Amino acid sequence: MDKIRVGVIGVGALGQHHARVYGSMPGVELVGVADSLPGRAAAIAAPLKTKAFEDYRELLGRVDAVSIATPTTLHAPIGEAFLKAGVHVLVEKPISHTIEDADKLIRAAHENKRVLQVGHLERFNPAVRALREFVNRPRFFEAHRMGLFTPRSLDIDVILDLMIHDLDIISLLVPSTPVKINAVGLPILTRSIDIANARIEFADGCVANVTASRVSMEKIRKLRFFQAREYVSVDYTNQEVAVFSLTGAPGVEGNQILSRKLTPERKEPLAEELSAFVLAIRALGPIECTGDEGRKALDLALQIRAQANAAVSREFDSQ
């Protein structure tokens, strides 16, 4: 291919940034953007000097690849249509709202030999890429992802909206199967769960304590974990990693705690994600987050949601 022709379906809070990045990416032609909300596609398309469509199906036959940033329930039907038409697909996280729909996307990508990449953005955070080089059998994770309330992504709860970011990263760093999950959650401002906590135990003994809220007073994006003689703290927002290491075995006299901070070159994770997608299309790099990996994160999130919803029901039944 000389230039890869791309389109963006859904240009709301996140999709408009997909269009912006594609519009400035070498080797890529932004053919058009589609959005069902009257006027929104045109407003995004105009400054990018591309075409606007209200019906995503008008992109079929015009593009080699698409980003799908629609409400989650539409990921599977739209993604499957494009994959079956021979178009490569990047679908925003979560891959879908059900395992059955995730399997449809994975099967369509396999049968039509097309790239299916899931937009788990934190994988492309320079801090996460830096820490992956020295992760060594973590034993305990603690993740906090807190945000102010915004009227976006209200088609899904906080577990599928925010917590799933950390579930994906933890699953990436722990090559083991979850064997026990305890979760609680509460609806605060919406009818679905707005704040949730989950404790996950893995088969290799690792434990993760994960909290997510979209009704907090401040924005926090942090992950901390412990491994043999090391404590690691990741600040997603500042793209920094702090590492505290014990020089010898625990309890040995004369031990010292050494600290160091990793400050990788700052990069826009979305630009890195879309660049990886384009490289995978050109067969110049791996699919950075496959459909199967997206399914794995979704499966864990759905198990947590089921437990949290059950806890909510018990709470209201007792009142």
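The values are calculated or read from the model by the stated rules, or taken from the named source; none is laboratory data. Predicted model, so just to flag it, every value in this text is computed and none were measured. Don't worry about glycine lacking a Cβ; one is built from the backbone with ideal geometry, like all the others, and counts go over all protein chains shown.
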> Restricting the search to the range 127-168, which residues are within 14 Å of Val232 (Cα to Cα) and either free of Cβ contacts under 8 Å to residues at least 24 places away in the same chain or of a type in the set (A, V, I, L, M, F, W, C) (or both)?
Replying inline: Ala127, Val128, Ala130, Leu131, Glu133, Phe134, Val135, Phe140, Phe141, Ala143
> Just for the range 138-175: of the residues that are more than 21 Å from Ser216 (Cα to Cα) and either touching a Pro at 6+ places or on another chain (Cβ under 9 Å) or among the acidic types (Asp, Glu) (or both), which one is surrounded by the fewest Cβ atoms within 10 Å (Cβ to Cβ)?
Replying inline: Leu173
>> Quick check on my filter: what residues within the range 79-103 are more than 19 Å from the chain's Cα centre (by Cα) and touching a residue at least 24 places away in the same chain (Cβ under 8 Å)?
In response: Glu80, Ala81, Leu83, Lys84, Ala85, Gly86, Val87
>> Take the residues in the range 198-222 that are among the β-branched types (Val, Ile, Thr) and more than 19 Å from the chain's Cα centre (by Cα); name whichever of them is modelled with the highest pLDDT.
In response: Val207
>> Yes or no: the range 27-36 includes at least one residue that is under 19 Å from the mean Cα position of the chain (by Cα), buried (at least 17 other Cβ atoms within 10 Å of the Cβ) and in contact (Cβ under 8 Å) with a residue 60 or more places away in the chain.
In response: no
> How about the range 263-303: which of its residues are under 20 Å from Val6 (Cα atoms) and either of a type in the set (Lys, Arg) or part of a loop (DSSP other than H, G, I, E, B) (or both)?
Replying inline: Glu268, Arg282, Ala283, Leu284, Gly285, Pro286, Ile287, Glu288, Cys289
> Between a first residue in the range 277-290 that is in contact (Cβ under 8 Å) with a residue 12 or more places away in the chain and a second residue that is among the polar types (S, T, N, Q) and crowded, with 16+ Cβ neighbours inside 10 Å, which pairs have beta carbons less than 6 Å apart while being 6 or more apart in sequence or on different chains?
Replying inline: Phe277/Gln117; Ile287/Gln117; Cys289/Gln117
> Counting only residues that are touching a Phe, Trp or Tyr at 6+ places or on another chain (Cβ under 9 Å), surrounded by fewer than 20 Cβ atoms within 10 Å (Cβ to Cβ) and in a loop (DSSP other than H, G, I, E, B), how many does the range 188-245 have?
Replying inline: 5
> Restricting the range 49-67 to residues that are among the aliphatic types (A, V, I, L, M) and outside any loop (DSSP other than H, G, I, E, B), which is farthest from the chain's Cα centre (by Cα)?
Replying inline: Ala52
> Hey, among the residues in the range 253-308 that are in contact with a strand residue (DSSP E or B) (Cβ under 6 Å, 6 or more places away or on another chain) and polar (S, T, N, Q), which one's farthest from Asp157 (Cα to Cα)?
Replying inline: Asn255
